[in-house]
1. If you count only protein heavy atoms and use a 1.4 Å probe, how large is the accessible surface of GLU51, to the nearest 10 Å²?
2. Please tell me the relative contact order of the chain in percent, rounded to the nearest whole number, where contacts are Cα pairs under 8 Å and at least six residues apart.
3. Taking the solvent-accessible surface of protein heavy atoms with a 1.4 Å probe, what is the per residue accessible area of the chain in Å²?
4. Write down the Å³ per residue value for the convex hull defined by the alpha carbon atoms of the chain.
5. In debye, nearest 20, what is the charge dipole magnitude of the chain about its Cα centre with +1 on Lys and Arg Cβ and -1 on Asp and Glu Cβ, if you could check?
6. Once ligands and nucleic acids are excluded and a 1.4 Å probe is used, how much of MET1 is accessible, expressed in Å² to the nearest 10?
7. Highest mean first, how do 28-40, 7-19 rank when packing is the count of other Cβ atoms within 10 Å averaged over residues?
8. Choose one of HIS34, GLY22, THR45: the residue whose Cα lies farthest towards the positive end of the charge dipole of segment 1-66 (beta-carbon charges +1 Lys, Arg; -1 Asp, Glu; about the Cα centre).
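The values are calculated or read from the model by the stated rules, or taken from the named source; none is laboratory data. Here the structure is a predicted model, which is why all the values come from computation and not from measurement. Quick reminder, even Gly has a Cβ in these numbers, built from the backbone with ideal geometry, and neighbours come from all protein chains shown. We work out accessible area using only protein heavy atoms, side chains counted, and drop any ligands, DNA or RNA first. Shrake-Rupley method; radii C 1.70, N 1.55, O 1.52, S 1.80 Å.
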Amino acid sequence: MRKYTVSHPVPAASYPPRAYDGLTEICFEDWADHDAFFVSENYRTLVNPDEARFIDMGSVAVMVTEEKAVI
């Protein structure tokens with residue numbers, strides 16, 4: 001894993017109300033690193049079981065992206 005960020009919405013004048021409670025971004029160098037992360041013992045035994053305690057998986061939206069630097 002190259003980067004893991006969690007962002008929480010804040011009130012902002014002239015913007016619509018928040019659509020989500022937060023946004024999580026997980027960055028990997030390549031698909032092999034992605035696959036290795038999700039089958040790792042740490043993820044399977046510690047992280048994944050804990051997610052149900054604080055994430056409503058039924059409301060999760062997932063998007064795979066490729067970052068392109070513009071500036």
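1. 30
2. Once divided by the residue count of the chain, the mean separation gives 27 percent.
3. Result: 94 Å² of accessible area for each residue.
4. Here the figure is 133 Å³ per residue.
5. Using Cβ point charges on Lys, Arg, Asp and Glu, the chain gives about 280 debye.
6. 110
7. Per-residue Cβ counts within 10 Å, averaged per peptide and sorted highest first, yield 28-40, 7-19.
8. GLY22
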